[in-house]
1. In the calculated pair distance distribution of the chain, what percentage of Cα-Cα distances lie above 27 Å?
2. 222 nm [θ] for the chain, helices only, -39500 (n - 2.57) per DSSP H run of 4+, per residue, to 500?
3. Could you give the Stokes-Einstein D for region 265-363 in µm² per second, using the C-alpha Kirkwood radius, 25 °C, 0.890 mPa s?
4. Using the Kirkwood radius over C-alpha pairs as Rh, can you work out the diffusion coefficient of region 51-196 via Stokes-Einstein at 10 °C, viscosity 1.306 mPa s, in µm² per second?
5. Can you list the HN-Hα couplings for region 247-261, worked out from phi with the Karplus curve (6.51, -1.76, 1.60; θ = phi - 60°), rounded to whole Hz and with x for Gly and Pro?
6. Mind checking the angle between helix 317-343 and the chain's longest principal axis? C-alpha axes, 0 to 90 degrees, to the nearest 10.
7. Counting pairwise Cα distances across region 102-182, what percent come out greater than 16 angstrom?
8. Any chance you could give the angle, 0 to 90 degrees and rounded to 10, that helix 104-118 forms with the longest Cα principal axis of the chain?
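The values are calculated or read from the model by the stated rules, or taken from the named source; none is laboratory data. These figures come from a predicted structure and were not determined experimentally. Please note that ligands, DNA and RNA were not included when accessible areas were found on the heavy atoms of the full protein model with its side chains. Shrake-Rupley method; radii C 1.70, N 1.55, O 1.52, S 1.80 Å.
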Amino acid sequence: MARHTYDVMVCGAGPAGLALATLLAPQRRVLLVERRAGQGEGPRIGESLPGAAAPLLHRLGVLERFRRGGHRERGPAIAVWDIDTPVWKDAIFDPAGPGWHLDRRGFERMLQRRAQEAGATLVDGCRHIRVDRHQGGWQLDTGSARYSAPVLVDATGRASGIARQLGLRKSANDPLLCLHSFLDSPPGDPDSAMRIQADAQGWWYSVPLPGAKRVLAYHLDSDNPLWHRLKRGAVFLAHARQHPLLAEALTDLAPARMQCRPAGTAMLSVEALASVGDGFLAIGDALYTFDPISSQGLFHSLASAASAANAIVAGSAEALQRHRQEMQAVADQYLAHWHGTYQGPARFGGYPFWQRRQRLPGA
Ligand SMILES: Cc1cc2nc3c(=O)[nH]c(=O)nc-3n(C[C@H](O)[C@H](O)[C@H](O)COP(=O)(O)OP(=O)(O)OC[C@H]3O[C@@H](n4cnc5c(N)ncnc54)[C@H](O)[C@@H]3O)c2cc1C
């Protein structure tokens, strides 16, 4: 079996892994190992990127390319959340700029191209990866080749596949599901707003996407039998249209194929990470999977990659400790904000979906 040596092995070529590989590749030999073969097709959920991500895109050397990438500038957010009437928040009041609704596939293709240009080696289609400790570092076996490096990074997304192999478990008792579909919308749809609607069983959002599409998503608990009924596109659309805020953006749109994703908060403990051996890090969703209500998952993927890159380049125990403290601060801030957000719709406080969220996830 072929054997190769690298300085850093990154598992998972999503936004987090690609960003880390881009930042490290000019100075380190970086291997990126991805389970998927090739890039996926069709629109993908996870499309809102805040304006605060611009400096991170600049650091990755892609800001200009990104601006030309056909992403839509975010418009206002209109929310029926704390009260039963729409509250309008204009994007121009965000000091970091309005942000974007992404062509998510195009975004990831851009990041992948950049990581490879920077010099990272990408090996995709690796369905079964085995990791082990090896001579004080890490060894990764894909079945057809064996790789080793002193640093191993889990960027496998929500599943935290590498951390799990090493015996770590996420706090994950939040049963939030996201049911969604990508509706065909008229080309040049002038409605650039993000619409957010709380109801007794969960919450909705809808935003226009590049490429004449509109995402419509509903978040509810996996043990709520309602979701079985809503798996039919026409029923889903009719249910959304009961809310005037959504109905006005959904006029004349036809039902589309339904998709479903787990979406609840799930977090690794940074202290537990330190316990599995030197040179192991987790970034992006593999470290903290945020609730989509935060719209911060992609930002966190890029920011945690930048923080990890600083620690890996510095190469000292102190730098690693600083990175872990930074990540702990991110977790604390996220949980406080998450809790405050779900306390908002107090009028639904008697319903299980909202009652469940009076406690922090993992508590
Ligand atoms: C319903 C929903 C809506 C969302 N909306 C938003 C939003 O509006 N804005 C926002 O910022 N974020 C949003 N997010 C979150 C956002 O999509 C994620 O935070 C982001 O994709 C995380 O990037 P990542 O690189 O950490 O993980 P991923 O994007 O999950 O990438 C992980 C990669 O690792 C690969 N992989 C998995 N297992 C293995 C393995 N064992 N070995 C090798 N490779 C592996 C996967 O194939 C994938 O390519 C949303 C998420 C959901 C579920």
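1. On the way: 31832 of 65703 pairs.
When every Cα pair of the chain is considered, 48 percent fall beyond 27 Å.
2. Numbers: 12 runs with 117 residues, N = 363.
After summing the helix terms and dividing by the residues of the chain, the value is -9500 deg cm²/dmol.
3. 167 µm²/s
4. It diffuses with D of about 81 µm²/s by this estimate.
5. Per-residue couplings from phi come out as 4, 5, 8, 10, 3, 6, 8, 9, x, 9, 4, 8, 10, 9, 9 Hz.
6. Roughly 10 degrees, rounded to the nearest 10.
7. Working: 2217 of 3240 pairs.
More than 16 Å apart: 68 percent of the Cα pairs in region 102-182.
8. Long axis of 104-118 versus the principal axis of the chain: about 20 degrees.
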